[in-house]
Amino acid sequence: DAGVIQSPRHEVTEMGQEVTLRCKPISGHNSLFWYRQTMMRGLELLIYFNNNVPIDDSGMPEDRFSAKMPNASFSTLKIQPSEPRDSAVYFCASSTTGGKNTEAFFGQGTRLTVV
Amino acid sequence: AQSVTQLGSHVSVSEGALVLLRCNYSSSVPPYLFWYVQYPNQGLQLLLKYTTGATLVKGINGFEAEFKKSETSFHLTKPSAHMSDAAEYFCAVIQAGTALIFGKGTTLSVSS
């Protein structure tokens, strides 16, 4: 398996524009997570899906952020409108749910810069 | 609520010296605990994990960690540091049916 695949790897956009980040989880994994990493706040959980259903979105910072998982092999994180303070590295991770094999596999991340 | 605290945002050691990165957790139920490593411009990679059973767990690259319930700790150690160990290390906790919650991370520097 190619692992968790995120695209794009880098995104530079102007303030106010819509940004869409994409993630393809590992085949067979039924949990998907979006994290945001910044120097100030570290790794923050934004949202967590299980079997394509959002379970916990309490980490989504504002209504400008939305995430979808239309099927088991694809998820998006959208920011509309984007702001400079959204600049960060966004990671997607996937795992099987529960038990001793619980382990999240991470993608390479998308580095977002909003100017 | 579950959480982890990593003591020391930056640790510096000499090559060949002992590496000790500290992690304390807070959890109302027995947790699963993890250490991840992140190299520059990369995603996170699992070093080791504790779920149940033996409290001393061994991971990749010579790292190990010991779960101590009485101290609510899960410190990461390596007997002899190598230059290639320089990276950022994250402790994380999870309870069944939830997501990984990470500590703030510890940057390990290794000097020759």
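Check off (1) more than 11 Å from chain A (Cβ to nearest Cβ); (2) open to solvent by 20 Å² or more (accessible area, probe 1.4 Å) for B:Lys104 and give me the number that stays unchecked.
(1)
Identify the residue in region B:48-66 that is in a strand (DSSP E or B) and more than 11 Å from every other protein chain (Cβ to nearest Cβ) and, among all such residues, is surrounded by the most Cβ atoms within 10 Å (Cβ to Cβ).
First, the residues of region B:48-66 that are in a strand (DSSP E or B): B:48-50, B:56-58, B:64-66.
Pick out the ones that are also more than 11 Å from every other protein chain (Cβ to nearest Cβ) and you get B:56-58, B:64-66.
Details: B:Leu56: 11, B:Val57: 20, B:Lys58: 11, B:Glu64: 16, B:Ala65: 26, B:Glu66: 15.
Residue satisfying both the conditions and the ranking: B:Ala65.
Which condition from (1) surrounded by 15 or more Cβ atoms within 10 Å (Cβ to Cβ); (2) closer than 22 Å to B:Val37 by Cβ; (3) at pLDDT 95 or above is the one that A:Arg9 breaks?
Among (1) surrounded by 15 or more Cβ atoms within 10 Å (Cβ to Cβ); (2) closer than 22 Å to B:Val37 by Cβ; (3) at pLDDT 95 or above, the lone unmet condition for A:Arg9 is (1).
Considering only strands (runs of 3 or more DSSP E) fully contained in chain A, which possess at least 2 residues that are under 28 Å from B:Val4 (Cα atoms) and in contact with a Lys or Arg (Cβ under 6 Å, 6 or more places away or on another chain)?
Details: elements: A:5-7, A:10-13, A:19-24, A:31-38, A:42-50, A:53-56, A:65-71, A:74-79, A:88-95, A:110-114.
Passing ranges, in order: A:42-50, A:88-95.
If A:Ile47 satisfies every condition in (1) more than 13 Å from chain B (Cβ to nearest Cβ); (2) buried (at least 16 other Cβ atoms within 10 Å of the Cβ); (3) among the β-branched types (Val, Ile, Thr) but one, which is the exception?
(1)
Sort through B:Gly43, B:Gly53 and tell me the only one that's in contact with a Gly (Cβ under 6 Å, 6 or more places away or on another chain) and either of a type in the set (Gly, Ala, Ser) or on the phi > 0 side of the Ramachandran plot (or both). Walk me through how you get there before you give the answer.
Numbers: B:Gly53 fails: in contact with a Gly (Cβ under 6 Å, 6 or more places away or on another chain).
Among B:Gly43, B:Gly53, only B:Gly43 is in contact with a Gly (Cβ under 6 Å, 6 or more places away or on another chain) and either of a type in the set (Gly, Ala, Ser) or on the phi > 0 side of the Ramachandran plot (or both).
Could you please find all residues in region B:17-47 being hydrophobic (A, V, I, L, M, F, W, C) and surrounded by fewer than 17 Cβ atoms within 10 Å (Cβ to Cβ)? Steps first, please.
Applying the first criterion (hydrophobic (A, V, I, L, M, F, W, C)) to region B:17-47 yields B:17-21, B:23, B:29, B:33-35, B:37, B:44, B:46-47.
Result: B:Ala17, B:Leu18, B:Leu20, B:Val29, B:Leu46.
The values are calculated or read from the model by the stated rules, or taken from the named source; none is laboratory data. Since the structure is predicted, the reported quantities are computational estimates derived from the model, not experimental observations. In this analysis, Cβ positions are derived from the backbone assuming ideal geometry, glycine residues included, and neighbour counts consider all displayed protein chains. Side chains are part of the model used for accessible areas, which takes the heavy atoms of the whole protein and leaves out ligands, DNA and RNA. Shrake-Rupley method; radii C 1.70, N 1.55, O 1.52, S 1.80 Å.
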